[in-house]
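Trainee: Take a look at the following structure, please.
Any read-out appearing in this document is the output of simple, stated calculations on the displayed coordinates, not a laboratory observation. Predicted model only: the values in this text are computed from it and were never measured. Don't worry about glycine lacking a Cβ; one is built from the backbone with ideal geometry, like all the others, and counts go over all protein chains shown.
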Amino acid sequence: YHVWTTHPGETWNGTKERERVDARDIYHVFLPERAEQVRGYTWLHAVLMRSQMLHGFEEAAIVAARVGAAKMGVFKRSPDASDVGLNQIADAKDSSTGALQMNAEPGEFVELPVGYELQSWDPEYPHANFEAFLKACLRGLATGVDVATHNLTGDMTDVNYSSARIAELAEREVWMALQEWLIDSFCLPLFQDWLASALIRGDVTFEQTGRALPSDRLEKFANAARFQGRRWAWVDPLKEAQAAGELVALGLESRTALAAAQGREFDDVLDELAAETTAMTAAGLATSKAAAPAQAAAPDDQKE
């Protein structure tokens, strides 16, 4: 591969040079869409034309809105028009064509000479359907890039809890699938290559003894590593926690999987809990919640 040593868009750097890199030293990662594909292309390919057209529409709408905000009119003159009184209303008059020009002041009303008629030009923009059309276009963009519309646009106007949950579930499934693909295709191979060279150099050592890890145990150490992608919390965490507790109680889910769903390692959670318990015990604090007080018994005359 021949790659630039600087970004092509960095125009401030006048010198650009190519560097030759062996293919075995390059991680060329992309999602293939067809057989024998050797190069990837942008994930935005499905919406590039639509986004370009939408940009052009927005620009034209803004120009039309500016023109509509700047009111203007045209004087229509009949053949029998009289020029008497033009000097009182005209700010300027073209000597060659006789075109009349007048700047209007707010709240000003004038009487036109005989034979003159004022015709105003009032564009329709900003159009009443502009917002609805723009939302429809943005929904198409969100569908093309597999994200929720409210996450792409930031517009939460028409979103409720149920619709947002359905959209978030579908979007997060896509993100998690891409995370797994990136981990398997890039993160793990890169980590294994780094670990092999680090073990040979003796860079990885035991914490207690300071001795270097043996390089012949590469496979064991590589298989012990795991990459965890980012996870997301819900808007209503109480219901999610209650549902998780029911799954654990029924034996349908493990605490390790629940910790991974939050983007955490279960071993780290255990270490944190053990450290908290030790610290609270040393400080003389209770480490468990006090039992809720029993409800007072009702008087005999109220039992019925």
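Trainee: Using R₀ = 45 Å, calculate the FRET efficiency as 1/(1 + (r/R₀)^6) where r is the Cβ-Cβ separation of TRP232 and ASN129; round to 0.05.
Mentor: 0.80
Trainee: Moving to a separate point now. Full extension from THR15 to ALA65: what is 0.36 nm times the residue separation minus their Cα-Cα distance, to one decimal in nm? Don't jump to the answer; show the numbers that get you there.
Mentor: Values: separation 50, 0.36 × 50 = 18.00 nm, distance 4.40 nm.
Gain on stretching THR15 to ALA65: 13.6 nm.
Trainee: Find out how many positive minus negative residues lie around LEU190, taking Lys and Arg as positive, Asp and Glu as negative, among other residues whose Cβ is under 13 Å from that of LEU190.
Mentor: Numbers: positive: none; negative: ASP25, ASP184, ASP193.
Here the charged neighbours net out to -3.
Trainee: For the stretch 247-264, take each phi angle, set θ = phi - 60°, evaluate the Karplus expression 6.51 cos²θ - 1.76 cosθ + 1.60, and give the result in whole Hz per residue in order, putting x for glycine and proline.
Mentor: Coupling constants for the stretch 247-264: 5, 5, 5, 7, x, 9, 8, 9, 5, 4, 5, 5, 5, 5, 5, 8, x, 10 Hz.
Trainee: Suppose each label sits 7 Å from its Cα in the direction of the beta carbon; what would the GLU219-TRP4 distance come out to in nanometres?
Mentor: Reported label-point gap for GLU219 and TRP4 is 4.4 nm.
Trainee: Provide the net charge surrounding ARG50, with neighbours chosen by a C-beta distance below 13 Å and charges set as Lys +1, Arg +1, Asp -1, Glu -1.
Mentor: Details: positive: ARG139; negative: GLU58.
With Lys, Arg at +1 and Asp, Glu at -1, the net is 0.
Trainee: What nm distance separates the two modelled labels at TRP175 and ARG50, each placed 7 Å from Cα along Cα→Cβ?
Mentor: In this crude label model, TRP175 to ARG50 measures out at 2.1 nm.
Trainee: Can you work out ³J(HN,Hα) from phi for every residue in the stretch 200-210, in order, using Karplus 6.51 cos²θ - 1.76 cosθ + 1.60 and θ = phi - 60°, giving whole Hz and x for Gly and Pro?
Mentor: Residue by residue, the stretch 200-210 yields 5, 7, x, 7, 9, 10, 6, 5, 7, 9, x Hz.
Trainee: Apply 1/(1 + (r/R0)^6) to the Cβ-Cβ distance of VAL159 and THR256, taking R0 = 30 Å, and write down the FRET efficiency to the nearest 0.05.
Mentor: Numbers: r = 33 Å, r/R0 = 1.11.
Plugging the Cβ-Cβ distance into 1/(1 + (r/R0)^6) gives 0.35.
Trainee: Rg/Rh for the stretch 112-184: what does it come to with C-alpha atoms and Rh from Kirkwood?
Mentor: Numbers: Rg = 22.7 Å, Rh = 15.9 Å.
Answer for the stretch 112-184: 1.43.
Trainee: Moving on to the next point. Just to be sure I follow: if Rg is taken over the C-alpha atoms of the stretch 173-243 and Rh is the Kirkwood radius over the same atoms, what is Rg/Rh? Show your work: numbers first, answer last.
Mentor: Values: Rg = 17.7 Å, Rh = 14.9 Å.
That ratio is 1.19, to two decimals.
Trainee: Highest mean first, what order results for 182-190, 278-286 on Cβ atoms within 10 Å?
Mentor: On the way: 182-190: 14.1, 278-286: 9.4.
Packing order, densest peptide first, comes out as 182-190, 278-286.
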